[in-house]
1. So, taking all protein chains as they sit and a 1.4 Å probe, how much accessible area belongs to E453, in Å² rounded to tens?
2. Amide H neighbours of I137 under 5 Å, at least 5 residues apart or on other chains, H built in the peptide plane: list them.
3. Go through 441-449, 161-169 and give me the packing order, highest mean Cβ count within 10 Å leading.
4. Using 1/(1 + (r/R0)^6) with R0 = 60 angstrom and r between the beta carbons of S164 and E261, what's the FRET efficiency to the nearest 0.05?
5. Leaving out ligands, DNA and RNA, and with a 1.4 Å probe, what % of the accessible surface on the chain is carbon or sulfur?
6. Would you kindly derive the ³J(HN,Hα) couplings of segment 300-313 from the backbone phi angles with the Karplus curve 6.51 cos²θ - 1.76 cosθ + 1.60 (θ = phi - 60°), listing them in order in whole Hz, with x for Gly and Pro?
7. Give me the aspartates and glutamates in straight-line cross-link reach of K76: C-alpha distance below 19 Å, same-chain residues under 8 apart excluded.
8. Whole number in Å², please: accessible area per residue of the chain, 1.4 Å probe, ligands, DNA and RNA not counted.
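The values are calculated or read from the model by the stated rules, or taken from the named source; none is laboratory data. Keep in mind that what you see is a predicted model, and the values were worked out from it rather than measured. Note that each Cβ is placed from the backbone with ideal geometry, even for glycine, and that neighbours are counted across all protein chains shown. Ligands, DNA and RNA are stripped out before the accessible areas are found, and what is left, the full protein with its side chains, is counted by its heavy atoms. Shrake-Rupley method; radii C 1.70, N 1.55, O 1.52, S 1.80 Å.
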Amino acid sequence: MKIKLQNLGILKTAEFELGDLTIICGKNNTGKTYAVYTFYGFLKLWRNIISIEPLLKHSRELIDSGVIRIELEDFKKRIPELLQRACNRYSEILYKIFASSEKLFADSAFQLELDTSKIDISGEFKKTISSRKKDLIVCSKEENSSILEIAGLWEKGDEPIPASAIEQFINNILLDILFAPLFPDPFIASAERTGAAIFRKELDFARNRLLEEIGGMERDLDPFKLLDRVYGSYALPVKDNVDFTRNLENIAKKDSFIEKEYPHILTDFQDIIGGEYRVVRGELYYVPRKGRVKLTMDESSSAVRSLLDIGFYLKHMAQPGDMLIVDEPELNLHPENQRRVARLFARLVNIGIKVFITTHSDYIIKELNTLIMLKAGTNNSQKVMEKFGYADNELLLPQQVRVYSAGENLVKMADRKIKTKVIAFTPCDIDPSLGVEVKGFDDSIIEMNRIQEDILFGGDE
């Protein structure tokens, strides 16, 4: 999956391809968060933006005959066209994702490219829509078949289902089959997560209003008006992050697949925070391993608050195929814990969760380099792993990782004949033997070393 952005705040152009682990590095004010928020917004809203039309004839045929058969290959061929239309629509509402002025995003553009040749519709599919304990419509597709069969189970005298409702149902089924496998379910930990952890009880965002609106929406409801009603004065990722934090007591009642299948990952996470999060009689606490004290979030360290959302997501929400998005995972963390978080991300990638981060942390990058280098293997790799406690399940192949550096680059813009220095993304080289080279980090380290050498030994005259 490749993302292309144009004129997004200070970011003039950006093109990045998603890997199992995607990283955007760079100085402050280079558009990293803008890019992440934009992509997150699309993952959250694609079902409302992608519309498969026309389907009214199918709904009328189902009402008249009671059964229809749809050739999915016909719709598969339309995926590029449907996706392009959706990207254009999304570009028009980007300002709503950021709860900002429409003028600021007037020239912004979002494009998403997919390799449609890899879209697989061969799997078995079944879905039923029911009302009052009675099945109304049944959809089914046999394995290795491209024919979707939809049958109406209503009887003579039943209250008729509106053609528009059936049309919406067929649209959703096609989205499930054609697009849902392409887009991971996202979870975001925004850079504002630390403050949200402290004031979560005081912040009163309507965390489920969007879902409630969508659930009750009619076919002819304009999604743009829906966005106007639902979004307030905060960017969608921040709002979703706050809503998640406010609902932790209910979230704690669920178990993720990590809790069930990979509990050792949660044990390692507890080692990072030095304790665990607990919900006791509807109240959230942090319980350090040493001592019997229970601390509220405002009594806990900033590191504990910074990792709160990630901890609850991993234990209670995570599912295979998800995408975990973390803006600046290094927030409030000691270098040792920054390294351990990097290893945690690698382990998540290796159990099927995609990870997308922005970072200023040279420690995170260097630790990921170590995991790539150990995977490549040398005569010393096994000894190093045993000596420093590395495990096979946290090593990374270079092809799993995509790294981009945000900063000033010479780029030829579409409306200009010569290259111009603008804020853009540049892909970083990943060498199996050396890891990732992030020039911005290395330049700063080299300059600091040169300054200290001059202090000690005197500079060139």
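1. 100
2. Excluding prolines and chain starts, which carry no amide H, the hits are I129, L153.
3. Final packing ranking: 161-169, 441-449.
4. Once the sixth-power term is evaluated, E becomes 0.90.
5. Carbon and sulfur together cover 48 percent of it.
6. The phi angles translate into 8, 6, 5, 5, 4, 5, 5, 9, 4, 4, 4, x, 5, 4 Hz.
7. In chain and number order, the partners are E53, E113, D115, D120, E124, E142, E143, E149, E167, D176.
8. On a per-residue basis, the chain sits at 52 Å².
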